[in-house]
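The values are calculated or read from the model by the stated rules, or taken from the named source; none is laboratory data. Please read these numbers as outputs of a predicted model, since none were measured by experiment. Heads up, the Cβs are rebuilt from the backbone with ideal geometry, glycines too, and the neighbour counts pull from every protein chain shown.
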């Protein structure tokens, strides 16, 4: 069975600073990995996805993530945080692209300090 | 861009009542899902549906829950006798293996009083 662990339920950074949100996965087969963002009282919006092509994946709003098989990680980064990035971020894994459930991590709440 | 539509956006119901949450998935998607998010917690898988039948369900999806695709466009989640602990945000999603992604609706916030 697949699982996802997000280290840090709450991350706080200053505006303009680097954002790093950590995600480690457990999977018996090569996984498909996703990052979703949830703004207050809204649904889940896809930020980016890894589908076994390039290991460095670029997403929307300046975010990117790197798949590292040796570390079983898929950390999300953004070079310079903006106030509008404040939200809940979820890492998710699927074993069968688009044909099986997503399993979500616990989520990381990102706070941006002015 | 195609969207997954969920109605209603909010629903308040009394404990023991039946509720039906409705979703219109993306038309050419083949797989449909319901997820639940209790306030402040993670998003939990409830059930997946493919080819007009349940393909997988979680331990949460007990006999109180059922899903249906009654008319080829709508996808519904029914909770027969709601409990206080059913209060949560319920998300519908759909996917297509050729599309490399899962699209989520905006959710229905269910409050059981």
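For segment B:93-110, residues that are touching a residue at least 24 places away in the same chain (Cβ under 8 Å), within 11 Å of another protein chain (Cβ to nearest Cβ), touching a strand residue (DSSP E or B) at 6+ places or on another chain (Cβ under 9 Å) and not in a loop (DSSP other than H, G, I, E, B) total 10. Please tell me if residue B:40 is within 12 Å of the chain's Cα centre (by Cα), closer than 18 Å to residue A:41 by Cβ and modelled with pLDDT under 95. So residue B:40 fails the test. Screening residue B:85 against (1) within 13 Å of another protein chain (Cβ to nearest Cβ); (2) surrounded by fewer than 16 Cβ atoms within 10 Å (Cβ to Cβ) leaves a single unmet condition, (1).
Residue A:52: in contact (Cβ under 8 Å) with a residue 12 or more places away in the chain, assigned to a loop (DSSP other than H, G, I, E, B) and within 11 Å of chain B (Cβ to nearest Cβ), yes or no? It is true that residue A:52 is in contact (Cβ under 8 Å) with a residue 12 or more places away in the chain, assigned to a loop (DSSP other than H, G, I, E, B) and within 11 Å of chain B (Cβ to nearest Cβ). The residues of segment A:55-68 that are within 10 Å of the chain's Cα centre (by Cα), in a strand (DSSP E or B) and touching a residue at least 24 places away in the same chain (Cβ under 8 Å) amount to a single one, A:65. For segment B:43-92, the strands (runs of 3 or more DSSP E) that sit wholly inside it and include 2 or more residues that are in contact with a strand residue (DSSP E or B) (Cβ under 8 Å, 6 or more places away or on another chain) and under 26 Å from residue A:41 (Cα atoms) are B:43-50, B:65-68, B:75-79.
Would you check if there is a residue in segment A:91-114 being surrounded by fewer than 20 Cβ atoms within 10 Å (Cβ to Cβ), more than 27 Å from residue B:31 (Cα to Cα), within 11 Å of another protein chain (Cβ to nearest Cβ) and in contact with a strand residue (DSSP E or B) (Cβ under 6 Å, 6 or more places away or on another chain)? The answer is yes; a qualifying residue exists. Looking only at residues of segment A:69-85 that are in contact (Cβ under 8 Å) with a residue 40 or more places away in the chain and not in a strand (DSSP E or B), we find that the one that is farthest from the other protein chains (Cβ to nearest Cβ) is A:80.
Reported count of residues in segment A:10-49, each being touching a helix residue (DSSP H, G or I) at 6+ places or on another chain (Cβ under 8 Å) and either assigned to a loop (DSSP other than H, G, I, E, B) or more than 12 Å from every other protein chain (Cβ to nearest Cβ) (or both), is 2.
Does residue B:30 satisfy the condition of being surrounded by 13 or more Cβ atoms within 10 Å (Cβ to Cβ), over 25 Å from residue B:13 (Cα atoms) and touching a helix residue (DSSP H, G or I) at 6+ places or on another chain (Cβ under 8 Å)? Against the criterion (surrounded by 13 or more Cβ atoms within 10 Å (Cβ to Cβ), over 25 Å from residue B:13 (Cα atoms) and touching a helix residue (DSSP H, G or I) at 6+ places or on another chain (Cβ under 8 Å)), residue B:30 qualifies. For segment B:10-25, the set of residues classified as surrounded by fewer than 19 Cβ atoms within 10 Å (Cβ to Cβ) and either more than 11 Å from residue B:91 (Cα to Cα) or modelled with pLDDT under 95 (or both) consists of B:10, B:11, B:12, B:13, B:14, B:15, B:16, B:17, B:18, B:20, B:24, listed by residue number.
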